[in-house]
Amino acid sequence: MNFSEVFKQSNQLCKVSPDGKYLATCVQYRLVVRDVSTLQILQLYTCLDQISHMDWSSDSLFILCAMYKRGLVQVWSLEQPDWHCKIDEGSIGLVSSRWSPDGRHILNTTEFHLRVTVWSLCTKAVSYIKYPKACQKGIDFSRDGCYMALAERRDCKDYVSVFVCDDWHLLRHFETETQDLAGLEWSPNGCVLAVWDSCLEYKVLLYSLDGRLLSTYSAYEWSLGVKSVTWSPSSQFLAIGSYDEKVRILNHITWKKIAQFEHIATINNTKAVVYKEVEKRPAVGSDDLSLHNITIGTTLFNTQSKYEICPPPVQVPVVKPDPDRANPKIGVSTLAFSSDSRYLATKNDNMASVVWVWDMQKMSLLAVLEQTSAVRCFQWDPRRPRLALCTGNTKLYLWSPAGCVSVQVPTEGGFQVQSLNWHCCGETLILLGKDQLCLCYMDTDQEDK
């Protein structure tokens with residue numbers, strides 16, 4: 001495993017192009033594009049203000065930079081550095097900007113969600129979509145890029161509109177059986193649209209492309225309900241994380257619950273492996289305490305850590321949420337399937353330092369990773385069953401069915417990993433600190449042997 005030098009970035013704005021060739025980072029009002037393999041700067045663009053959001057077009061030819069405070073979007077071309085585009089939403093403001101799947105249209109959501117404006121880069125035509133709903137996830141594109149589902153709110157009722165992305169004509173418009181729609185998401189195969197209600201009512205609805213209600217699922221009533229929803233890449237499973245600290249798995253044939261995963265404080269499962277991070281401070285000799293070592297050798301006082309396997313029963317640290325505060329830190333907020341749909345990783349908010357890994361073939365708990373600090377971010381390798389996670393310290397953690405490892409990030413200045421992203425090839429990780437980034441290169445040849 002090797003690490004690159006450290007580069008500057010702002011607001012965690014750092015993305016690899018969809019074709020995997022380029023790395024775009026934002027530093028205040030500048031956009032820097034590097035070659036992923038050499039990290040040499042290929043292009044440097046200057047925006048009109050500090051960048052709030054940045055995104056690549058699907059064909060990796062254009063980059064969108066949004067400046068929400070000014071209601072501006074600037075688009076830059078990689079092939080023609082002199083070409084650029086500026087979209088000004090004016091006094092109506094801007095809260096969200098994103099590419100359409102074809103990479104030639106930009107969708108801007110105005111302040112107070114008054115409308116969605118569709119701008120064409122090719123024809124300069126403008127289309128308006130009224131009544132978009134302000135919710136957790138109100139817009140989603142099908143994986144093939146053909147359709148867009150949009151949550152709408154009008155006359156105190158929830159609706160979903162399905163648009164054809166080629167010419168933005170309305171394909172279907174239907175009312176949903178929700179009190180307060182919180183989000184929607186297409187299945188990866190594009191056949192089913194999952195719609196879920198706010199946390200005040202446990203309800204998940206499944207609609208076909210033509211707006212037919214296929215099934216309704218509700219686990220319980222009169223208590224906080226759905227907190228997170230995600231599809232498996234195979235479209236076979238829909239995982240629902242709830243405020244009752246459980247994950248329920250629905251199957252794609254009958255849309256009934258086939259499994260329920262509970263995040264319990266005491267783990268008695270003898271078949272699950274519990275990895276506990278143990279910290280150890282290195283012994284420092286008097287020779288190491290020279291002024292030169294203290295100022296230059298920043299790794300001198302770094303805490304080393306390793307994983308120990310704990311035999312059951314294991315007590316998991318639980319933080320009791322404050323009942324008087326809104327958005328209580330309880331329930332399953334994060335769900336992620338591995339690329340082969342074999343594993344599901346989850347995080348229960350009142351057990352913030354623990355990641356749970358479930359085996360989707362056996363429908364049982366496979367591994368538990370108990371960290372010394374709260375887990376900030378975890379993400380699956382897009383090519384193989386390998387999970388990377390970070391906790392806001394100077395380490396990177398990796399889990400695979402073979403075991404667990406803790407790796408010190410060897411950079412000057414104590415680089416603290418706040419979040420991470422895999423490169424699409426699965427051989428490189430982009431590690432993001434507060435205002436820096438570095439790349440981690442995996443030695444996959446040795447691992448596969």
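The values are calculated or read from the model by the stated rules, or taken from the named source; none is laboratory data. Computed from a predicted structure; not experimentally measured. Note: ideal-geometry Cβ built from the backbone for every residue, glycine included; neighbour counts use all protein chains shown. For the accessible areas, the whole protein counts, side chains as well, though only heavy atoms, and no ligand, DNA or RNA atoms are used. Shrake-Rupley method; radii C 1.70, N 1.55, O 1.52, S 1.80 Å.
Any residue that is touching a helix residue (DSSP H, G or I) at 6+ places or on another chain (Cβ under 9 Å) and within 21 Å of Val273 (Cα to Cα) - is there at least one of those in region 407-430?
No: region 407-430 contains no residue that is touching a helix residue (DSSP H, G or I) at 6+ places or on another chain (Cβ under 9 Å) and within 21 Å of Val273 (Cα to Cα).
I need the strands (runs of 3 or more DSSP E) fully contained in region 285-384, keeping only those with at least 1 residues that are at pLDDT below 95 and open to solvent by 80 Å² or more (accessible area, probe 1.4 Å).
Here the list reads 304-310.
What number of residues within region 118-151 are open to solvent by 60 Å² or more (accessible area, probe 1.4 Å) and in contact with an Asp or Glu (Cβ under 7 Å, 6 or more places away or on another chain)?
Total satisfying the criteria: 2.
If Gln12 meets every condition in (1) touching a residue at least 60 places away in the same chain (Cβ under 8 Å); (2) touching a Pro at 6+ places or on another chain (Cβ under 9 Å) apart from one, which number is that one?
Single failed check for Gln12: (2).
So which strands (runs of 3 or more DSSP E) stay within region 158-273 end to end and still have 1 or more residues that are of a type in the set (S, T, N, Q), open to solvent by 60 Å² or more (accessible area, probe 1.4 Å) and modelled with pLDDT of 95 or more?
Because the criterion is at least 1 residues that are of a type in the set (S, T, N, Q), open to solvent by 60 Å² or more (accessible area, probe 1.4 Å) and modelled with pLDDT of 95 or more, the strands (runs of 3 or more DSSP E) in region 158-273 that meet it are 213-217, 257-262.
Taking Val73, is it at pLDDT 95 or above, within 30 Å of Val409 (Cβ to Cβ), open to solvent by less than 60 Å² (accessible area, probe 1.4 Å) and of a type outside the set (Ser, Thr, Tyr)?
Values: at pLDDT 95 or above: yes; within 30 Å of Val409 (Cβ to Cβ): no; open to solvent by less than 60 Å² (accessible area, probe 1.4 Å): yes; of a type outside the set (Ser, Thr, Tyr): yes.
In short, no.
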